[in-house]
């Protein structure tokens with residue numbers, strides 16, 4: 001182009017678009033780098049960098065991302081096929097979700113308790129098993145082998161639950177003195193949310209090529225997680241300063257403290273309500289949408305169920321800010337909040353009350369679980385901690401499934417269904433408060 005010649009308008013526009021694209025790319029890269037640095041800094045704050053807890057926090061992000069990839073891959077299979085149109089299929093799925101806990105509680109929990117010095121390898125094994133089973137599921141889907149896919153999916157669920165109880169039992173070994181357990185659990189949970197938010201969309205992109213590709217992506221995530229688990233700091237395997245619960249002679253059966261039993265009752269009520277909210281509201285909003293939403297039932301469901309997910313994230317943030325709140329107080333407050341919002345949505349059913357219902361249920365369940373985990377980590381001796389977590393998770397999952405079954409069985413009339421729910425949760429809250437031990441507040 002000669003010095004006096006003006007550039008062609010198209011060339012000028014293309015040049016501007018190129019500069020804009022490069023600037024946007026640089027902005028995204030800088031933003032991603034900023035977020036990554038902030039996340040890494042938060043993971044290492046309050047002594048977590050020196051104690052090695054940050055490695056467990058990062059590991060949990062890969063765990064959540066891998067589980068999200070598996071869920072996305074299975075979204076079109078028999079496990080999640082048309083959940084709003086076939087109550088029988090959903091009921092079958094709820095029953096399937098209980099099978100992993102039936103294995104984890106009586107078998108895996110006590111087994112891991114006996115190997116207190118191999119937690120890194122135990123956690124790594126849960127990742128390695130899932131990595132292998134993802135490849136098996138991918139091949140089963142490609143070969144249209146439903147029996148093999150079902151078996152591999154069940155094994156993946158079992159391994160995922162085994163990771164959960166093993167990771168929770170290992171947290172006290174890595175928590176620095178200046179970081180409360182509840183805050184540490186919240187930080188780990190937040191890493192899981194971020195991991196799912198980042199890796200989940202990538203898995204969804206892979207799923208556009210076929211569910212088997214999402215599973216192959218999950219294999220990569222779990223393979224990385226296997227290495228990260230083995231690289232956890234040695235403190236994860238150290239039992240220095242931990243007290244044994246048996247001496248000589250026959251082992252004594254460990255009795256769960258009444259304070260933890262009380263917190264479990266609180267969390268059981270929260271889980272029943274959460275399971276009911278998920279199942280009942282999904283059916284109700286799809287088959288009987290609110291006035292004005294008849295053509296957008298999926299969006300309506302997303303608003304209410306999404307509010308529950310937002311509530312869980314808010315609970316994680318609140319847990320991270322908490323310092324010395326007592327688990328019993330949190331459990332009772334959460335139950336009372338759920339009771340109040342259940343009565344409100346039953347009496348004034350509409351879009352605003354339904355969204356409020358989902359939001360409060362999500363916050364209450366999230367806070368209750370974070371507080372319960374911290375309490376078990378603090379009050380249960382290390383040699384019994386994994387079994388305690390396994391049994392705790394089993395009870396809570398059973399409560400969630402029970403709530404889901406109640407939701408499936410209720411008539412799709414909000415006055416009746418939500419009214420019955422409000423009555424049940426009111427009775428349970430009253431029972432929990434009346435039966436509270438005098439020393440459960442600790």
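The values are calculated or read from the model by the stated rules, or taken from the named source; none is laboratory data. Everything numeric in this text was worked out from a predicted model, so none of it was measured. With ideal geometry, Cβ positions are generated from the backbone for all residues, glycine too; neighbour counts draw on all protein chains shown.
Numbers at a glance
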{"quantity": "Complete set of residues in segment 207-217 that are farther than 13 Å from residue 71 by Cβ and part of a helix (DSSP H, G or I)", "calculated": "212, 213, 216"}
{"quantity": "Answer residue from segment 112-153, given it is outside any helix (DSSP H, G or I) and surrounded by fewer than 17 Cβ atoms within 10 Å (Cβ to Cβ) and is modelled with the lowest pLDDT among those", "calculated": "115"}
{"quantity": "Exclusive hit being surrounded by 23 or more Cβ atoms within 10 Å (Cβ to Cβ), in a helix (DSSP H, G or I) and either in contact with a strand residue (DSSP E or B) (Cβ under 7 Å, 6 or more places away or on another chain) or modelled with pLDDT of 90 or more (or both), set 344, 363, 355", "calculated": "363"}
{"quantity": "Checking residue 293 against (1) surrounded by fewer than 18 Cβ atoms within 10 Å (Cβ to Cβ); (2) in a helix (DSSP H, G or I); (3) touching a helix residue (DSSP H, G or I) at 6+ places or on another chain (Cβ under 6 Å); (4) free of Cβ contacts under 8 Å to residues at least 60 places away in the same chain, the condition it does not meet", "calculated": "(2)"}
{"quantity": "Cβ-Cβ under 6 Å pairs, at least 6 apart or on other chains, segment 208-230 side on the phi > 0 side of the Ramachandran plot and at pLDDT 95 or above, far side assigned to a helix (DSSP H, G or I) and surrounded by fewer than 20 Cβ atoms within 10 Å (Cβ to Cβ)", "calculated": "none"}
{"quantity": "Residue in segment 278-287 that is in a helix (DSSP H, G or I), under 16 Å from the mean Cα position of the chain (by Cα) and in contact (Cβ under 8 Å) with a residue 12 or more places away in the chain present", "calculated": "yes"}
{"quantity": "Residue within segment 320-338 that is surrounded by fewer than 24 Cβ atoms within 10 Å (Cβ to Cβ) and within 18 Å of residue 275 (Cα to Cα) present", "calculated": "yes"}
{"quantity": "Qualifying residue in segment 370-391 (condition: within 22 Å of residue 286 (Cβ to Cβ) and surrounded by fewer than 23 Cβ atoms within 10 Å (Cβ to Cβ))", "calculated": "no"}
{"quantity": "Residues of segment 392-427 that turn out to be assigned to a helix (DSSP H, G or I) and surrounded by fewer than 20 Cβ atoms within 10 Å (Cβ to Cβ), as a count", "calculated": "15"}
{"quantity": "Unique residue being part of a helix (DSSP H, G or I) and closer than 19 Å to residue 187 by Cβ when the list is 306, 331, 319", "calculated": "319"}
